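Everything below concerns the one structure shown next.
Just so it is clear, none of the values below were taken in a lab; they were calculated from the coordinates. Here the structure is a predicted model, which means the values were calculated and not measured. All Cβ positions, glycine included, derive from the backbone under ideal geometry; neighbour counts span all protein chains shown.
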Amino acid sequence: MKFSLKLLAATVMVLAAALGFTGYFFVNYVFDTSLSREARQALDENSILRFAFETAALNVPAKYDVLQDHTVEQIASNLETSGQSARRLLRLCDEQKEILFASEGFSADGMLLLQTDGKTRTWQVIALEGRYYVQTGSTVNALDRVLYLETLRDVSEVFAERDLGFAVYRRVTAVMLVLGACIMHFIASWLTRPIRQLKKATKRMAAGEYGYRAKRVSNDELGQLTRDFNRMAGALEENMHELELPV
């Protein structure tokens with residue numbers, strides 16, 4: 001393989017690796033940032049719903065000393081449809097972490113609930129029926145009862161943006177590699193021109209043209225090599241004249 005092709009192939013490989021790693025980390029950084037923002041908003045929404053539930057529980061007529069399950073269901077149902085946003089997905093469990101109320105479509109398992117206690121708010125990303133959600137969990141204290149509140153926040157758009165980011169970056173990388181290969185082809189040809197001149201000169205001299213000299217096209221190390229080659233060729237020609245050899 002020609003030196004110029006080796007130089008071109010090495011440059012393209014380095015460029016491809018650099019663009020690939022850069023794109024991977026950049027897209028994932030944006031994705032992680034967006035997902036963290038969505039998780040914070042989901043936890044904030046959980047806190048708002050928890051406060052709203054506890055406030056609603058305090059306003060329940062003092063008919064019972066302990067909040068009844070049917071009252072929990074009623075308050076949860078009101079919270080599910082309250083507000084100006086779309087219907088919320090939430091689930092409430094009792095002290096034994098048995099379900100008291102669950103929104104339609106809330107089919108997450110109970111793994112997150114096992115990690116939730118009175119001091120820890122938890123969250124995780126789950127996939128349900130082809131969509132992605134941030135699931136949060138916290139405890140609710142209402143009329144001497146400790147309940148468990150879970151919410152789901154749809155973050156499918158964040159994952160769609162990540163997929164779109166990778167698709168766009170792959171196209172950009174392909175275009176950059178083609179342009180980079182074209183530019184590097186001209187650069188490699190220009191850098192290896194002195195080598196081609198020396199190759200041509202050695203062939204001419206091997207064919208008996210001892211008076212041929214390589215054209216010097218640069219002032220760098222290759223240009224110095226060309227000048228030294230021409231000096232060597234001149235010295236060789238003089239020696240052959242002294243030995244009365246045919247030139």
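How much net charge surrounds E73 when only other residues with a Cβ under 14 Å from its Cβ are counted (Lys, Arg +1; Asp, Glu -1)? It would help to have the intermediate numbers written out before the result.
Values: positive: R91, R145; negative: D69, E80, D94, E98, E104.
In short, -3.
Taking a quarter of the surface of the Cα convex hull of the stretch 120-247 gives a mean projected area of 16.3 nm².
For the stretch 140-205, what class follows from the C-alpha gyration tensor (a ≥ b ≥ c being the square roots of its eigenvalues): rounded when a/c is under 1.5, otherwise prolate if a/b is larger than b/c, else oblate? Mind dumping the intermediate values first?
Details: a/c = 11.35, a/b = 5.24, b/c = 2.16.
Prolate is the answer for the stretch 140-205, as a/c is 1.5 or above and a/b outweighs b/c.
Here the label points at M111 and Q41, each 7 Å from Cα along the C-beta direction, are separated by 2.5 nm in the simple model.
Let me see the pair-distance distribution of the stretch 82-163: every alpha carbon pair, 5 Å bin width, integer percents in order. P(r) over the stretch 82-163, rounded to whole percents: 3, 14, 25, 23, 17, 11, 4, 2, 1, 0. Can you tell me which lysines have their Cα less than 25 Å from the Cα of K215? Leave out same-chain residues fewer than eight positions away. Once the sequence-local lysines are set aside, what remains near K215 is K2, K6, K199, K200, K203.
Can you give the log10 of the normalised intensity I(q)/I(0) at q = 0.11, 0.15 Å⁻¹, computed with Debye over equal Cα scatterers of the stretch 3-110? Values returned for q = 0.11, 0.15 Å⁻¹ are -0.55, -0.79. The simple Förster model, with R0 at 41 Å and r as the Cβ-Cβ distance, assigns T55 and V172 a FRET efficiency of 0.20. Model label sites at I126 and C182, defined 7 Å from Cα along the beta-carbon direction, differ in position by 5.2 nm.
Scanning the chain for long hydrophobic helices, with DSSP H runs required to stretch 18 angstrom or more by C-alpha along their axis and to average at least 0.5 on the Kyte-Doolittle scale, returns 3-58, 156-191.
For the chain, the alpha carbon convex hull comes to 182 Å³ per residue, rounded to a whole number.
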